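The block underneath contains the structure these notes are about, expressed in structure tokens.
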Amino acid sequence: MSRFIRHPRDFWSGVMFMCFGLAAVVIGQDYPMGTGGRMGAAYFPVVLGVLLSLIGLATTLRSLRKQGERIENFSIRDTALVLGSVFLFGALVRGAGLVVAVSVLLMGSAYASEKFNLKVSILITIAAVVFCVLVFVKGLGLPLPIFGPWFGA
């Protein structure tokens with residue numbers, strides 16, 4: 001890695017944030033923007049994309065000034081666990097419900113960590129499931145099943 005980049009982890013994190021943010025902005029251009037009072041379909045993803053890009057830019061610039069650690073080995077297994085958990089969440093949320101989908105997402109992602117602790121992961125999963133049900137289903141009224149049709153609910 002170049003001596004110009006002093007913190008490779010921050011550098012590549014910033015580049016990744018900028019890419020995802022700019023992708024959201026580009027994809028959002030196909031939808032109507034609307035205004036702050038009457039948001040169109042593009043408003044939310046474009047605004048978040050711009051914010052994510054700015055965070056990425058700040059992180060990348062900081063990596064040029066601040067000394068940091070090198071990137072160690074890249075774990076395909078851990079990456080597959082996290083990505084697989086995200087995809088399973090998307091596949092399960094309508095059929096199995098929010099409780100099962102969030103549980104699979106969190107437990108699968110947590111298992112990818114070197115510091116995985118089953119008891120702690122279960123407690124965090126329970127708290128996150130309760131939070132998601134209260135905020136998204138009860139508070140915001142999103143049409144997500146708590147337990148889906150696969151469970152007869």
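Numbers below:
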item	result
Segment Lys66-Ala127, length gained on full extension (0.36 nm per residue, minus Cα span)	18.4 nm
Order of Asp30, Asp10, Asp78 under a 10 Å beta carbon neighbour criterion, fewest first	Asp30, Asp78, Asp10
Cβ crowding within 10 Å averaged over residues, with 120-126, 33-39, 13-19, 92-98 ranked highest first	92-98, 13-19, 120-126, 33-39
Which of Gly152, Phe116, Leu140, positive extreme of dipole for the chain (C-beta unit charges)	Phe116
13 Å beta-carbon shell around Gly14, net charge (K/R +1, D/E -1)	+4
Long-range amide H partners of Gly34 with built H, under 5 Å	Gly40
Surrounding net charge for Ser109, when Lys and Arg each add one and Asp and Glu each subtract one, Cβ distance under 14 Å	0
Helical segments meeting 24 Å axial Cα length and Kyte-Doolittle 0.5 threshold in the chain (DSSP H)	8-28, 43-65
Val93 long-range amide H proximity, modeled H, under 5 Å	none
The range 8-65 - convex hull of the alpha-carbon atoms, volume per residue in Å³	54
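Every number here is computed from the coordinates shown, using simple stated rules; none is lab data. For clarity, every value in this text was computed on a predicted model and none was experimentally measured. Quick reminder, even Gly has a Cβ in these numbers, built from the backbone with ideal geometry, and neighbours come from all protein chains shown.
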